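Here is the structure we will look at, set down as structure tokens.
The values are calculated or read from the model by the stated rules, or taken from the named source; none is laboratory data. Since we're looking at a predicted model, the values are computed, not measured. Don't worry about glycine lacking a Cβ; one is built from the backbone with ideal geometry, like all the others, and counts go over all protein chains shown. Surface accessibility is based on the protein's heavy atoms, side chains included, excluding ligands, DNA and RNA. Shrake-Rupley method; radii C 1.70, N 1.55, O 1.52, S 1.80 Å.
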Amino acid sequence: MTGSGNGRYGGWTTRHFPTTLTLRAATAFVSACLVTGCGVIPGATGGSRDPVTVMTWAPEGTRATNMPGMPAMAQAYARWVNSRGGIDGHELRVLTCNERNDPAGAAACARRAAEEGAVAVVGSYSQQGRAFMAPLEAAGIPYIGGYGVSDDEFTSYLSYPVNGGQPALLAGNGMQLAEACERVSLVRPDSVTGDNLPHLLNSGLAQRHHRMAADIPAAEDAGEYAAAARQSRKRAGEEGGCVTAALGERTANFFDSFRRLPSDGREVRVSSVLGSVDQPLVDRTGGANGPFEGAYITGWYPEAGDPAWAPMRQVIREHAFGDNRIDPADAGVQTTWIAYTVLRQVIEALRTEEITASQVSHALDRGVEVDTGGLTPKLRWRYEDMLGTPGFPRIVNRDVTFQVVRQGRLVAQKKGFVDTGATLREARSL
């Protein structure tokens, strides 16, 4: 905890030699300050520096994609670091905000971050990049580790992504499916964000000289998808076809509709990307007996059972206090953990009494290197580290992982990371 006051108790000079009385008074004053927190003792560490305020936002309670685990993970992370004396002596204060999957809500969260002195927005989810980036840029607040569903996250000079977002996932999904499927149908949101997904998937398919996917737009907030399901199965072909869907939280609704289609004797394999399908969803829909058994899944990070996640799991066990919003297998929770890992290492590298938004962004621009313990490649945001391709120039982590559902568990289909950099560079030319 930090106290009030300026932390200066005066000192002795060669002209004022301390008497026994003044020594006793000084001792009593310092002792009282240790109890009440009225100042900072010179040389003391752990909470003696200025607090650092950040914000994490995500949609909650909406009809489309919800990510309540991300702000919950941010709060658990703050409890953990503060129990250890803060970050380099700075208490971490986390503000949370529900951006409601709405441009006005996202802009309101960004303005609140500025009003309350946040030095960064960390580990957040929003599709409303145009709404939130302008207020952040006006206030000079960096956006660290967004989920990656907004194009602005990969173009704004104040955005520092930790993954390749939807672009890398869809390009990687195309690469993964090109090796296993004769034809591919893509079911995606009928939205501005969704309009980019076919180009990205096709860029991955093209790496293996595969034909282009059938594009099937669908409402992101529908309760059922019978019509889209019928069309996707029909356009997947007669043999060796695959259907991949990237509808966020509504992906489960789509595959439920897909599973209910009358059998026509064809085997069509299903696929998706992490965030639309993850281990919690596989568990909720029946595990090994559910619709995702055998499904191909493209992710950003190692599978949830990888030992590299052990530190995050320990923090959740000890500091989440049974908060059921936090699932360590959720891609949003994982992204928030990685984003706060970036924040911590940047603050530790600064080693200053006061942390400002401009200091954080300058440190990132100058090339602070972040080690995430094997969850991503080492991250750095210098100009030469960025992908630089039109549309998503600020991607620094092009890697994805290929996973598959076996016996109800998401496991690695292929060990290690797959680089989508070359695929992303080709995406805009299709």
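Among the residues of segment 332-340, is any open to solvent by 10 Å² or more (accessible area, probe 1.4 Å), more than 20 Å from Pro217 (Cα to Cα) and more than 16 Å from the chain's Cα centre (by Cα)?
To start, the set of residues in segment 332-340 that are open to solvent by 10 Å² or more (accessible area, probe 1.4 Å) comprises 337.
Imposing the further condition that a residue be more than 20 Å from Pro217 (Cα to Cα) reduces the set to 337.
Now drop any that are not more than 16 Å from the chain's Cα centre (by Cα), which leaves none.
No, that holds for no residue.
Only a single criterion out of (1) under 25 Å from Leu410 (Cβ atoms); (2) at pLDDT 95 or above; (3) surrounded by fewer than 16 Cβ atoms within 10 Å (Cβ to Cβ) is not satisfied by Glu353, namely (1). For segment 277-322, which positions are assigned to a helix (DSSP H, G or I) and either among the polar types (S, T, N, Q) or in contact with a Cys (Cβ under 7 Å, 6 or more places away or on another chain) (or both)? Listed by number, the residues that qualify are Gln279, Asn289, Gln314.
Would you point out the residue of segment 245-266, among those that are free of Cβ contacts under 8 Å to residues at least 40 places away in the same chain and open to solvent by less than 10 Å² (accessible area, probe 1.4 Å), that is farthest from Arg63 (Cα to Cα)?
Phe255
Do you know which residues across segment 312-331 are closer than 17 Å to Arg84 by Cβ, surrounded by 14 or more Cβ atoms within 10 Å (Cβ to Cβ) and touching a residue at least 60 places away in the same chain (Cβ under 8 Å)? Scanning segment 312-331 gives Val315, Ile316, His319, Ala320. Candidates Arg344, Arg325, Arg313: the one that is in contact with a strand residue (DSSP E or B) (Cβ under 7 Å, 6 or more places away or on another chain) and basic (Lys, Arg) is Arg344. Inspection of segment 32-40 finds a residue satisfying the criterion of being modelled with pLDDT under 95, surrounded by 12 or more Cβ atoms within 10 Å (Cβ to Cβ), over 24 Å from the mean Cα position of the chain (by Cα) and not hydrophobic (A, V, I, L, M, F, W, C). Output yes when any residue across segment 215-226 is in a helix (DSSP H, G or I), closer than 30 Å to Ile144 by Cβ and modelled with pLDDT under 90, and no when none is. No, because not a single residue in segment 215-226 is in a helix (DSSP H, G or I), closer than 30 Å to Ile144 by Cβ and modelled with pLDDT under 90. State whether the residues of segment 406-417 include one that is outside any loop (DSSP other than H, G, I, E, B) and open to solvent by less than 10 Å² (accessible area, probe 1.4 Å). Checked segment 406-417: no residue is outside any loop (DSSP other than H, G, I, E, B) and open to solvent by less than 10 Å² (accessible area, probe 1.4 Å). Of all the criteria given as (1) open to solvent by 20 Å² or more (accessible area, probe 1.4 Å); (2) closer than 21 Å to Gln166 by Cα, the one not satisfied by Ile395 is (1).
The residue of segment 217-244 that is surrounded by the fewest Cβ atoms within 10 Å (Cβ to Cβ), among those that are under 27 Å from the mean Cα position of the chain (by Cα) and of a type in the set (A, V, I, L, M), is Ala219.
Just one of (1) of a type outside the set (Lys, Arg); (2) more than 22 Å from Gly391 (Cβ to Cβ); (3) touching a strand residue (DSSP E or B) at 6+ places or on another chain (Cβ under 6 Å) trips up Asp256, so point out which. So Asp256 meets the others, but not (3).
Restricting attention to segment 329-381, which residues are among the acidic types (Asp, Glu) and touching an Asp or Glu at 6+ places or on another chain (Cβ under 8 Å)?
Scanning segment 329-381 gives Asp330, Glu348, Glu353, Glu354.
Within segment 138-146, is there a residue that is modelled with pLDDT of 95 or more, in a helix (DSSP H, G or I) and surrounded by fewer than 21 Cβ atoms within 10 Å (Cβ to Cβ)? Yes, there is a match, as at least one residue in segment 138-146 is modelled with pLDDT of 95 or more, in a helix (DSSP H, G or I) and surrounded by fewer than 21 Cβ atoms within 10 Å (Cβ to Cβ).
Restricted to segment 147-160, and to residues there that are at pLDDT 95 or above and in contact with a Pro (Cβ under 7 Å, 6 or more places away or on another chain), the residue that is farthest from Val273 (Cα to Cα) is Leu158. Checked against (1) of a type in the set (Gly, Ala, Ser); (2) farther than 24 Å from Arg230 by Cβ; (3) crowded, with 20+ Cβ neighbours inside 10 Å; (4) touching a Lys or Arg at 6+ places or on another chain (Cβ under 8 Å), Gly305 meets all criteria but (3).
Looking across segment 190-199, the residues that are surrounded by fewer than 24 Cβ atoms within 10 Å (Cβ to Cβ) and either out of contact with any strand residue (DSSP E or B) (no Cβ under 7 Å at 6 or more places or on another chain) or among the hydrophobic types (A, V, I, L, M, F, W, C) (or both) come down to Ser191, Val192, Thr193, Asp195, Asn196, His199. Of all residues in segment 81-110, those that are at positive phi have Cβ atoms under 6 Å from Cβ atoms of residues that are assigned to a helix (DSSP H, G or I) and crowded, with 22+ Cβ neighbours inside 10 Å, 6 or more apart or on another chain, in Asp88/Ile347. Across segment 147-166, the qualifying residues are those that are open to solvent by 10 Å² or more (accessible area, probe 1.4 Å) and assigned to a helix (DSSP H, G or I), and the one among them that is nearest to Gly294 (Cα to Cα) is Gln166. What's the number of the only condition in (1) in contact with a Ser or Thr (Cβ under 8 Å, 6 or more places away or on another chain); (2) under 30 Å from Ser185 (Cβ atoms); (3) not basic (Lys, Arg) that Glu267 fails to meet? So the condition that Glu267 fails would be (1).
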